[in-house]
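The block underneath contains the structure these notes are about, expressed in structure tokens.
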Amino acid sequence: MAAALLRRSRRALLPLCSLRLPPPAPYHHSHSQTPPPSSSSSHGRLPAFLSFLTAAAAAAGGITLALCDSGVDHRVGGKESTELVVRGERKRVPNEFIDDLASFLGENLTVDYEERHYHGTPQNSFHKAVNVPDVVVFPRSQDEVQKIVMTCNKYKVPIVPYGGATSIEGHTLAPHGGVCIDMSLMKKIKSLHVEDMDVVVEPGVGWIELNEYLKPYGPGATIGGMCATRCSGSLAVRYGTMRDNVINLQAVLPNGDVVKTGSRARKSAAGYDLARLIIGSEGTLGIITEVTLRLQKLPSHSVVAMCNFQTIKDAADVAIATMLSGIQVSRVELLDEVQIRAINMANGKDLPEVPTLMFEFIGTEAYALEQTLLVQKIATEHNGSDFVFVEEPDAKEELWKIRKEALWAGFAMKPDHEAMITDVCVPLSRLAECISVSKEKLDASPLTCLVIAHAGDGNFHTIILFDPSQEDQRREAERLNHFMYLEKELGIESLRTMKRIKAALDPNNIMNPGKLIPPHVCI
């Protein structure tokens, strides 16, 4: 079901003779063919891509603008935003710009409104934008990406990268219009080095496709637009996040330069760690065009276990005790009682509606079973009950299905609501305390709220279900989410440094403008 929601087939592209933008017309929040107009640029504000250039702003009329002025900065989406409609400043792109792109892209370019609307409307986020991309392009090579970026920089046209469209935080919104670069045609597996346990791929390769390709060779791997968001998941406790599994990458910078961040060597102490700078930058510093990934050997045997608890603190304490014991788990997932209730409702199950921990143990058959029994003992010492474990493939898949479908099960509780999903990372020793405090706030709210945690590495999510059309619910969601804000996780000086890096690499602010860095951060 999830796969059907996340993908759709690409529409036929328009012939080159029709590559002209339609005239603006009144905006309708629908799937109609009527394109939206430019937004507030007609009200005298500077275009957003000039807001980062004080000198350019001054030249435009003797005006000096700080790089945090509320009048020109726009935050787009993000974990703490509940804005239903995200507004931006759209500068109409000239036909000459479209002609320049068409000269080397041919028919891998479209200005069809349905296609632009689809790419500018996230399929899994409640965020919507007043504007959509002016053009969608489908490069086939790094050379074409480089030419696209250089053309956009020349005309100062914003760029929004587009991968698997699985984002739930509005990453692919285009509130300033511009160019959407859909990377789906760049999906080659360029080389596999079994002896070195790495693989070189283009960014459009899906992680499921890559795992299927690797099966005959033994190892397993993960990939996607995951580099740009520095994603992780249930296996991060064993294998690390995306940053730990990328050896090097290539990216096209905002001025069109191509940077390769390193060699295929596993170890290097030379220079800045540019790969880690680009991983997690959400398309604000460049377009990733090639990735060299670390591979992992598939385990010979695994055991999946589940255990119930009376309080969420007891469950979190067991996760902490398990990690401190030195037991080599590959997954430790925590679901609160509201999430279990949602799973029961969505899948017709009859699970006890209490906080629940799920584990996976890997290794030889004897080793995995030994670790399972050790964790069972730890759980019993912390008021755990109903400890069960399975080893048969079908039974393991059925248990993990509970966790994999958690988000969709949540929507079954409130089908007419949207979800604000927070992402909190704390030191492992603080996990029980932070989850307990968060849970108290969530339980006291009139909104339906669920908690899921990658409990083995101190990472937990809250799913806040609300109706974005209801002002009181939006305000309550904002209140709940306020104490899990980016500034509290990183600190203001880190955010200022990020903004300086962004301004240095992307002075025209064409790369995914408005994303990632809060607008109030001044430099």
Next item on the list: Confirm whether HIS520 is within 30 Å of VAL157 (Cβ to Cβ), open to solvent by 10 Å² or more (accessible area, probe 1.4 Å) and outside any helix (DSSP H, G or I).
Entry: yes
Next item on the list: Determine which member of the set ALA165, ALA174 is modelled with pLDDT under 85, out of contact with any strand residue (DSSP E or B) (no Cβ under 7 Å at 6 or more places or on another chain), of a type in the set (Gly, Ala, Ser) and open to solvent by less than 20 Å² (accessible area, probe 1.4 Å).
Entry: ALA165
Next item on the list: Any residue in the range 421-444 that's assigned to a loop (DSSP other than H, G, I, E, B): show its pairings with residues that are among the polar types (S, T, N, Q) and surrounded by 13 or more Cβ atoms within 10 Å (Cβ to Cβ) at Cβ separation under 7 Å, as long as the two are six or more apart or on different chains.
Entry: THR422/THR462; THR422/ASN481
Notebook entry, point to check: Looking at this structure, is VAL205 assigned to a strand (DSSP E or B) and either surrounded by 21 or more Cβ atoms within 10 Å (Cβ to Cβ) or not assigned by the TED database to the domain that holds TRP400 (or both)?
Noted result: no
Margin query: Restricting to the range 263-283, and then to whatever is of a type in the set (Ser, Thr, Tyr) and open to solvent by 80 Å² or more (accessible area, probe 1.4 Å), can you tell me which residue is nearest to ALA228 (Cα to Cα)?
Written below: TYR272
Check: Is the range 353-366 home to any residue that is without any contact (Cβ under 8 Å) to a residue 24 or more places away in the chain and either crowded, with 20+ Cβ neighbours inside 10 Å or not β-branched (Val, Ile, Thr) (or both)?
Finding: yes
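The values are calculated or read from the model by the stated rules, or taken from the named source; none is laboratory data. Here the structure is a predicted model, which is why all the values come from computation and not from measurement. In this analysis, Cβ positions are derived from the backbone assuming ideal geometry, glycine residues included, and neighbour counts consider all displayed protein chains. These accessible areas exclude ligands, DNA and RNA; they are computed on the full protein's heavy atoms, side chains included. Shrake-Rupley method; radii C 1.70, N 1.55, O 1.52, S 1.80 Å.
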